[in-house]
Structures are given as C-alpha cells and as structure tokens.
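I have placed the structure first, in the form of structure tokens, so that the comments after it can refer back to it.
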Amino acid sequence: MYMTILGRQSALGLAELERAYGSARRFSASVATLEAAPDVLKLGGSLKTGRVVLTLPRGEWRDVHTKIMQHYTNQWKSSDHKITLGISVYGLRATSRDIQRTGLELKKKLKQHDTSLRLIPNTSAALNTATAHHNKLGLSPTKVELLIAKGSDGTIIIAESTGAQHITALARRDQGRPKRDAFVGMLPPKLAQIIVNLATGSRRAPLTVLDPFCGTGVLLQEAMLMGYNTYGTDLADKMIDFSEVNLAWAQQKLHAPGQYRLSQGDAMAMQWQPPIDAVACETYLGQPFSAPPSPTKLREVRGNCNHIIVSFLANIASQLASGTPLCIAVPAWRATDGSFTHLPLTRELESYGFRRIALTSVEASELLYYREDQVVARELLVIEKI
C-alpha cells in the first residue's frame with residue numbers, strides 16, 4: 001500500500017489520484033492511501049508520496065516510538081553507509097521535541113552498532129516539502145523520510161517516502177519560461193498537472209491532449225512533460241507565438257518528451273484536427289476582481305463567461321468521439337461569506353452533450369481551486385462526451 005500527503009486543497013489531490021490510478025481513499029484530512037505506486041513528480045495535488053511499511057491498529061506517539069526503535073534498529077544496524085533521516089508526523093499528537101527525541105534515541109542506538117545517522121531537525125511536526133526535497137529524502141535507501149499518519153479510524157501507518165514535489169523544477173517551469181503574460185493570468189504548473197490528470201485519467205501516453213484556450217502554453221508544457229502529445233489553439237496570435245517559444249524551450253531545456261502543434265482559432269468556432277484523445281484547459285474566467293463585485297456586475301460577467309463557454313462546448317461536442325474525457329476549469333465567484341456563484345452551464349451539461357465522470361472519493365462540488373484572497377475561483381468540471 002502507498003500513501004500521499006495531499007496539498008492545500010485536499011479534495012483536488014484526492015480526485016487526481018482516483019483518476020490517475022483508478023482508486024484512492026481518504027485516510028485522514030491530509031492523507032490518502034492507494035494500492036498503486038504514485039509518481040509525485042506527475043501529481044500536482046500531492047506534496048509527498050510513500051510506501052507503507054508498518055501499521056498499528058491504534059496507539060499514541062509512545063507506541064510509534066517503540067515501533068520505530070525496534071524496526072529501524074534491526075534494519076540499519078548492519079548498514080555500511082551513513083543514514084540521513086527525517087521524520088514527519090500528520091494527525092498524531094506529537095510535538096517536534098517528541099519527534100526529535102525519537103530520532104536522537106535511534107541515532108544513539110545505531111551508534112552502538114557503528115552505524116552513523118544524520119537526523120534532519122524538526123521545527124514542527126512535519127518537515128516541509130522544501131526540506132524534504134533539498135535533502136533528497138526518499139530518493140535512495142540511505143536518505144529516508146518516515147511519513148507517519150493517524151487515520152480517521154485511529155489506525156496509524158508508517159511509510160518510507162518515495163519522493164516530494166520538486167519545488168525547484170516547478171519554480172523554474174513557472175518563472176523561467178521565456179514568455180509570460182500577467183494580463184491573461186498565470187496558471188500554476190501544479191494546477192495544470194491536476195487538470196491534465198483529471199482529463200486523461202489512468203490512460204498513459206501516447207495520447208493527444210487538446211487545450212483550446214492555450215494562452216502561453218503552461219498546460220501544454222505540463223502535459224508534454226508527462227509524455228503526452230499536445231495540440232493547442234487560442235484566439236490571440238500573440239498567445240500562439242508565446243506558446244511556440246515556451247514549448248520549444250520546454251523541449252530543449254526541460255527535455256519534455258511530448259510533441260506539440262499549435263494553431264490560431266476561436267474556441268467557439270474552431271474546427272480542430274484529429275486525433276483528440278482528451279481535452280484539458282482553463283477556459284475564459286472573465287475579468288479579475290480584488291473584492292466581490294456588485295450583483296449587477298456579477299450577473300454581467302457571469303452571463304458573458306457562460307455564453308463563451310457554452311458556445312465552446314456546443315462547438316466541440318460534435319467533434320469528439322463518445323467517451324472522450326475533458327477537464328475544463330471554469331469560473332466561480334466567491335462571496336465574503338465563503339459561498340460561490342457558479343455558471344448556469346454547470347447544471348445543464350447534458351443539454352450540451354456532456355455528463356460528469358463519476359468520482360467516488362470526492363463530491364463534484366469540492367473541485368474548486370482558489371486562494372483565500374481570491375474572488376474568482378476555478379471550478380474543475382470532469383466530464384465526458386455522451
């Protein structure tokens with residue numbers, strides 16, 4: 001069994017795991033478990049991944065301490081190499097001092113067997129992703145991060161990390177692209193990964209992923225890095241030019257294995273060229289707001305966005321084979337009380353030739369991406385052509 005530490009909006013990560021690996025179960029608020037081995041570098045909604053090695057039906061930190069001491073003293077006492085160890089705890093009552101004490105006691109015990117251990121210090125119960133990444137934890141048998149989580153039913157699992165999000169690479173892809181345009185918005189690479197995984201599901205490359213609103217090519221870039229061939233179109237010639245530069249850069253500098261093709265066209269009228277195996281995109285989100293708009297302004301913007309996206313759906317429906325999956329990000333507007341105003345089309349998908357893809361791990365209403373200071377959220381519609 002494997003586990004992942006879910007990101008800030010855990011429902012998105014859980015849905016992504018279910019689509020990409022066939023099944024996933026919420027273990028606790030921040031942890032999911034699954035049977036298949038997940039690849040954290042291709043998951044936007046998971047911070048760390050690990051292979052479960054020990055399970056306790058119940059217990060507290062003292063029980064975990066005893067289990068770790070017994071298991072890892074025996075496992076590492078004959079090691080010829082220095083061990084680097086980090087310990088992260090999720091949902092279990094343990095202070096950073098408790099965790100450090102366990103690590104130091106294990107270090108002392110191993111020293112008696114002439115095994116050297118370097119302990120990564122804890123300033124909180126869990127090491128952050130940057131610390132795990134920079135110390136290369138989970139990337140070799142001698143660089144280990146223990147991920148310890150308590151489930152909703154009281155079960156405790158102890159996993160050995162198989163990796164953490166590569167924050168350096170993500171930052172490079174986000175900030176190092178040759179062409180950026182703040183006016184059209186910045187799609188975070190991690191969100192782009194989630195959208196691609198929700199669209200493609202468990203199917204693997206080679207597939208062709210279409211983005212009909214490609215902008216500067218962020219989503220196409222992430223799909224290419226996953227090995228998919230991509231097809232991007234956009235209304236603006238400038239965006240196609242920017243995507244061309246950025247995707248050529250991704251192939252040359254990031255060694256993205258996927259191929260790409262680009263064409264200028266209006267998503268409401270475009271005739272796309274086959275093959276199209278999946279559609280993944282961020283559609284038109286309307287104008288940005290720094291505060292919730294007035295009811296009059298909201299009706300205007302909502303109506304305009306709905307018209308554009310409905311026209312797009314009506315256009316593409318006749319060009320897709322039955323069963324073709326899509327994940328499209330559409331706008332939803334957040335009020336001061338935390339409620340959301342959605343597009344009318346989200347309740348009328350079947351009239352445009354689409355239906356929602358059933359997810360067992362989360363409700364469709366949970367698939368919202370936003371920051372606390374954002375008014376315009378992205379609602380992710382995971383659908384298929386009827």
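The values are calculated or read from the model by the stated rules, or taken from the named source; none is laboratory data. Since we're looking at a predicted model, the values are computed, not measured. Don't worry about glycine lacking a Cβ; one is built from the backbone with ideal geometry, like all the others, and counts go over all protein chains shown. In case anyone asks, the SASA skips ligands and DNA or RNA and just uses the protein heavy atoms, side chains included. Shrake-Rupley method; radii C 1.70, N 1.55, O 1.52, S 1.80 Å.
Selection of strands (runs of 3 or more DSSP E) fully inside region 1-56 by the criterion of at least 2 residues being crowded, with 23+ Cβ neighbours inside 10 Å returns 2-6, 31-34, 46-56.
Set side by side, the residues Pro257, Pro295 differ, and just one is under 20 Å from Arg378 (Cα atoms), free of Cβ contacts under 8 Å to residues at least 60 places away in the same chain and open to solvent by 70 Å² or more (accessible area, probe 1.4 Å), which is Pro295.
Yes or no: region 112-121 includes at least one residue that is closer than 22 Å to Ile5 by Cβ and open to solvent by 40 Å² or more (accessible area, probe 1.4 Å). Yes, the conditions are met somewhere in region 112-121.
For Leu313, the conditions (1) part of a loop (DSSP other than H, G, I, E, B); (2) closer than 21 Å to Leu368 by Cβ; (3) at pLDDT 95 or above are fulfilled apart from (1).
Does Cys281 count as at pLDDT 95 or above, surrounded by 19 or more Cβ atoms within 10 Å (Cβ to Cβ) and in contact with a Pro (Cβ under 6 Å, 6 or more places away or on another chain)? So Cys281 passes the test. Remark: pairs (first residue in region 138-159, in a loop (DSSP other than H, G, I, E, B); second residue of a type in the set (Lys, Arg) and surrounded by 22 or more Cβ atoms within 10 Å (Cβ to Cβ); Cβ separation under 8 Å; 6+ apart in sequence or on different chains) = Gly138/Lys48.
Of Gln75, Gln112, all but one fail to be free of Cβ contacts under 8 Å to residues at least 12 places away in the same chain and either among the hydroxyl-bearing types (Ser, Thr, Tyr) or within 16 Å of Leu54 (Cβ to Cβ) (or both); the exception is Gln75.
Counting the residues of region 93-105 that are in contact (Cβ under 8 Å) with a residue 24 or more places away in the chain, surrounded by 14 or more Cβ atoms within 10 Å (Cβ to Cβ) and either of a type in the set (Ser, Thr, Tyr) or under 22 Å from Ile5 (Cβ atoms) (or both) gives 5.
For Ala169, the criteria (1) more than 30 Å from Phe27 (Cα to Cα); (2) surrounded by fewer than 16 Cβ atoms within 10 Å (Cβ to Cβ) hold in every case but one, which is (1). Suppose the filter is touching a residue at least 40 places away in the same chain (Cβ under 8 Å) and either out of contact with any Asp or Glu (no Cβ under 7 Å at 6 or more places or on another chain) or open to solvent by 10 Å² or more (accessible area, probe 1.4 Å) (or both); does Gln251 pass it? It is false that Gln251 is touching a residue at least 40 places away in the same chain (Cβ under 8 Å) and either out of contact with any Asp or Glu (no Cβ under 7 Å at 6 or more places or on another chain) or open to solvent by 10 Å² or more (accessible area, probe 1.4 Å) (or both). The residues of region 216-231 that are buried (at least 24 other Cβ atoms within 10 Å of the Cβ), within 18 Å of the chain's Cα centre (by Cα) and not in a loop (DSSP other than H, G, I, E, B), listed by number, are Val218, Leu219, Leu220, Gln221, Glu222, Ala223, Met224.
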